[in-house]
1. Given the options Val75, Val118, name the one that is modelled with pLDDT of 95 or more and part of a loop (DSSP other than H, G, I, E, B).
2. For residues that are in a helix (DSSP H, G or I) and buried (at least 16 other Cβ atoms within 10 Å of the Cβ), scanning just the range 51-65, find the one that is farthest from the chain's Cα centre (by Cα).
3. Filter the range 90-105 down to the residues that are among the hydrophobic types (A, V, I, L, M, F, W, C) and surrounded by 15 or more Cβ atoms within 10 Å (Cβ to Cβ), then identify the one that is nearest to Phe48 (Cα to Cα).
4. Go through the range 122-147 and count every residue that is free of Cβ contacts under 8 Å to residues at least 40 places away in the same chain and either part of a helix (DSSP H, G or I) or in contact with a Leu (Cβ under 6 Å, 6 or more places away or on another chain) (or both).
5. Being in contact with a His (Cβ under 7 Å, 6 or more places away or on another chain) and either surrounded by fewer than 13 Cβ atoms within 10 Å (Cβ to Cβ) or among the acidic types (Asp, Glu) (or both), is that true of even one residue in the range 124-142?
6. In the range 14-22, is there at least one residue being of a type outside the set (Gly, Ala, Ser) and at pLDDT 55 or above?
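The values are calculated or read from the model by the stated rules, or taken from the named source; none is laboratory data. Predicted model only: the values in this text are computed from it and were never measured. Glycine also receives a Cβ, built like all others from the backbone with ideal geometry; neighbour counts cover every protein chain displayed.
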Amino acid sequence: MAKSAKKKPASRAGKVKTKPSRKPKKADILRAAVPPVASDAVVLDRLFTVVESRRDADPMISHSARLLSRGPAKVAQKFGEEAVECLIEAVAGNHDALIAESADVLYHLLVLWVSSGVRPGEVWAELVRREGISGIAEKAARPKPLAARGGLATSKIP
């Protein structure tokens, strides 16, 4: 007599086996909750305008005013600290923390621009100029640092 195939119970018939669902991570929830944004610099332009408007504000009320009142060297130092924190989170693979630190870096970069008299349009124009140019070719076309020409030493990494 031939073996007959076992029939599945009626309650499970037609169901597809799936992996058990995992509890959603915070990053998944945040990504789902955040609507896609335009891929332009409008948000940075608005933030720059806000930072610039705080230049003469009371440093006791405005964080941007407090930073700007300390001068470009201190603003640059703060930007560097935020950049290092961003790098640490990237290396550690902390996605959510990297997003938060990246926002801090962009904010402090804009404060640095305001402090140094750089306009966003100048940076956007430089990015447009470089668009479509190989990074290697672009870097090779830059003027050589003074140290490479036998002048004063520089701490800039080549």
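1. Working: Val75 fails: part of a loop (DSSP other than H, G, I, E, B).
Criteria check complete, one pass: Val118.
2. Ala65
3. Kept after step one, since they are among the hydrophobic types (A, V, I, L, M, F, W, C), are these residues of the range 90-105: 90-92, 97-100, 103, 105.
In the following step, the residues that additionally are surrounded by 15 or more Cβ atoms within 10 Å (Cβ to Cβ) were identified as 97-99, 105.
Values: Ala97: 23, Leu98: 21, Ile99: 19, Val105: 13 Å.
Filtering the range 90-105 for residues that are among the hydrophobic types (A, V, I, L, M, F, W, C) and surrounded by 15 or more Cβ atoms within 10 Å (Cβ to Cβ), the one nearest to Phe48 (Cα to Cα) comes out as Val105.
4. We begin by selecting, within the range 122-147, every residue free of Cβ contacts under 8 Å to residues at least 40 places away in the same chain; these are 122-123, 125-147.
Among the residues that remain, those that are also either part of a helix (DSSP H, G or I) or in contact with a Leu (Cβ under 6 Å, 6 or more places away or on another chain) (or both) are: 122-123, 125-130, 135-141, 146-147.
Number satisfying all stated conditions: 17.
5. Within the range 124-142, the first condition is being in contact with a His (Cβ under 7 Å, 6 or more places away or on another chain), and the residues that meet it are none.
No: the range 124-142 contains no residue that is in contact with a His (Cβ under 7 Å, 6 or more places away or on another chain) and either surrounded by fewer than 13 Cβ atoms within 10 Å (Cβ to Cβ) or among the acidic types (Asp, Glu) (or both).
6. Our first condition is that a residue be of a type outside the set (Gly, Ala, Ser); within the range 14-22, this holds for 15-20, 22.
Right, trim to at pLDDT 55 or above and you get 22.
Checked the range 14-22: at least one residue is of a type outside the set (Gly, Ala, Ser) and at pLDDT 55 or above.
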